[in-house]
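Scroll down for the structure; my scribbles are underneath it.
Bear in mind that the values in this text are calculations on the coordinates, not laboratory data. As the structure is a computational prediction, the values presented were derived from the model and not from experiment. As a convention, Cβ positions derive from the backbone with ideal geometry for all residues, glycine included, and neighbour counts pool all protein chains shown.
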RNA sequence: GCCGGCGUGGCGGAAUAGGCAGACGCAGUGGACUUAAAAUCCACCAGAAGUAAAAUUCUGUACCGGUUCAAGUCCGGUCGCCGGCACCA
């Protein structure tokens, strides 16, 4: 009898062996085929590992281990995205340096990951807060600056009242700070910006060249928000001044009955003297300015606005004089900050026109009811009317014609717009990469010389941001005052730091050559390893991290620093692990499961198996302690197979097909995120061994190899106990023969008029006539009436169609 | 409102490419082992009718309709849930 399965001993033993043998050290042998598997590196929070973390880590660990067994040189690295607010806030509260906090948290995380038996190559660990790492983050920033893609500007930003920090649009969720949940207001500050908008088109185009799951592609496209339309110049009546608008419906130009400007539109101040109701306008603008973007959209359920008195505009195509209104439903940050309003064919304009009694003119016919009754926005079926030379055309034709007309007359042109905004890159915080820029009275913004990188984060007494919103670095006169690298005169350092997204925008490059002192990575390493073959991460990073890192990568490609345009060949996403009550795990709900407890009570192999078996990988799944027990039971059953072992390197005759089928199923399922069915197939296989109370050494060996990527410790132990050569992780992946995955004799369902009436057992390559004959015999007198048709789907089903 | 995804037993979930719905696991029930319990092993496990027990029959993949010899799967419509975006002209 075998000794009982003791997961503590087994797991500790093998983790030690792997460390000692350097089992998962990535080789620098560039002659082998490579495979780069990547999971998002975690933020080492004070709470330690969450049970959500092992789900993606195990999934790609399975892929990495399988690839090694298939002979690939595999890079499966891990690191720490360690700059960030929670650490800084903890440091402020407890008066501990964030560096120390980070170090402690990293140690804890690392211990937890080690206990789960992941095959990470720890020699390649990176940490974004390590000066040897952020030297290159700063270096990339300077490259962006030198290329004109980083600039500083006064702009209204999203300001978190609690964190006292500027946030990117992406970090504001539902009008509150994504991190702390506090109110976000608009505040004008001078901010470093990155011109991600310059790459908007490429970031869309690039999606066609990569293998991302569909919903990731769709979200990225929506976020970038490309739209095609035209810019048209309206004139201020009686003046030279042009008012440029943007529209996606230039075909409706003849239906424009008024214009609307954003409250921030500069024309208002320019013609202040001529505006009759400037005070009313000012009041409205002030009201709008006080609102955050969120309030402006959320609270303004009913449209508001003020007409500009004393100014009107002229529609350039028909000379019609139309009023100009100001309303906060028009945004200064998109298009030109001014629109032509076509209430008959735009919902917002229609609503606005109804409220303020403005005329509604139909220019696209086809609406079932009058445009006075309901807006008509269908572009597929309508026909142009009331539009002179456009009359009778379809919307698509009219668009083409009007743009040609506008361009010919010089009053407009086609134009593509994007919703994507430039990336607010400054944070007024301590725990981030210092922005390596010096401001000189004479020379302006001057980059720190590359030789001075990394520009180290100085020691400060307090990490708290100042009340006026400056970074704590601003209080460090010694550090701030410096000399201009350009003219040598007195100058001041930039005191803002970079956002957390900076370090994670290029970390996958560093893994390829993490100790390089001369470059962010060597050319050879990059050419060999890039792109990442499979990158898995959370859906929540689809519009932030994924877009930012693609942007940096494309920039680095344009600079000749990396060999490929897209960093990730394949992107998948995992679902969340919820509490047992189906709600998101949180301390306040009291449904948090600590992975340490599961590892202690059931073992890492059980946790890994369970998280893979829990359900479809891309859907969220509720935790179930009973489910964990079921997986532990499965591993116990595998353990006990050693007592059923019989001689024979071959598969036994009655299980040969099953063996080949299982190898095929498991091999395919590991590739396609279907870990749950792969495990189910192995469970079904061992049920067969139990039925016979026997398993040949050959069958056992194959099973252990198949299961190893999921449950690496127990399989190594059993492998060794059974006296198989070497280690499982060094063995080659089991192979199967396609021809042997089909039974010689197949069960065929026999239907009459589509209903199952009998079952027959036939040789797999029996001829149709034979099968039909057997089916008729099996049916006997259940077959009555006139046979109309006989259908045989080889190896599956017979259907006999009869008429009564 | 728009975009994306999803509705299958008591539960988590299976079902290449339209071909025997419910694999695998959990929970449950019965049995074996045990002085007993736990653990383990074996069997049963969608609903209804039917039977001493079987056999057998009917219904069933959110709902309504369609295509097809055949629909969980394809098409049209309805309802519900989840996620994302949201005055982007």
### Task
Please give the calculated 222 nm ellipticity per residue for chain A, where each DSSP H segment of at least 4 residues contributes -39500 (n - 2.57) and the sum is spread over every residue; nearest 500 deg cm²/dmol?
-10000 deg cm²/dmol
### Column: log10 I(q)/I(0), Debye, Cα scatterers of segment A:114-167, q = 0.32 Å⁻¹
-1.07
#### Entry: Viscosity 1.306 mPa s, 10 °C: Kirkwood-radius Stokes-Einstein D of chain A over Cα pairs, µm²/s
50
### Cα-based helix-to-principal-axis angle, A:625-640 vs chain A, degrees rounded to 10
40
### Message
Taking 0.36 nm per residue of sequence separation and subtracting the Cα-Cα distance, how much length would be gained by fully extending the chain between residue A:527 and residue A:721, in nm to one decimal?
### Response
65.6 nm
### Message
Based only on other Cβ atoms within 10 Å, what is the fewest-to-most ordering of A:667, A:504?
### Response
A:667, A:504
### Query
Simple spin-label model, 7 Å along Cα-to-Cβ: residue A:649 to residue A:790 in nm?
4.8
### Message
Sort A:480-493, A:352-365 by packing, meaning the average of other beta carbons within 10 Å per residue, with the highest value first.
### Response
A:352-365, A:480-493
### Task
Write down the Å³ per residue value for the convex hull defined by the alpha carbon atoms of segment A:66-169.
185
### Cα centroid of segment A:71-100 to Cα centroid of segment A:195-250, whole Å
37
### Summary
Once residue A:452 and residue A:690 are pulled to full extension, the length gained, defined as 0.36 nm per residue separation minus their Cα-Cα distance, is 78.9 nm
### Query
In degrees between 0 and 90, to the nearest 10, how far off the longest principal axis of chain A does helix A:656-671 point, with axes built from Cα atoms?
20
### Task
Consider just the alpha-carbon atoms of segment A:525-569 and return their Rg together with their Dmax, both in angstrom.
10.9, 30
### Tilt relative to chain A, helix A:768-779 - C-alpha long axis, 0 to 90 degrees, to 10
80
### Query
What is segment A:682-804 by shape, rounded, prolate or oblate, if you read a ≥ b ≥ c off the alpha carbon gyration tensor as root eigenvalues and call it rounded for a/c under 1.5, prolate for a/b larger than b/c, and oblate otherwise?
prolate
### R0 of 22 Å, Cβ-Cβ distance residue A:743-residue A:767: FRET efficiency to nearest 0.05
0.80
#### Entry: Likely footprinting exposure, A:216, A:802, fewest C-beta neighbours within 10 Å first
A:802, A:216
### Query
How big is the gap, in Å, between the Cα center of segment A:770-794 and the Cα center of segment A:569-634?
50
## Note on the structure
Quick note on A:349, A:596, ordering by fewest other C-beta atoms within 10 Å, gives A:596, A:349
### Message
Can you give me the orientation-averaged projected area of the convex hull built on the Cα atoms of segment A:1-134, in nm²?
### Response
10.6
### Task
Identify the residues of segment A:621-636 with backbone N under 12 Å of a label point that sits 7 angstrom from the Cα of residue A:215 along the Cα-to-Cβ direction, or state none.
A:621
### Task
Subtract the Cα-Cα distance of residue A:657 and residue A:198 from 0.36 nm times their separation in residues, and report this length gain in nm to one decimal.
159.5 nm
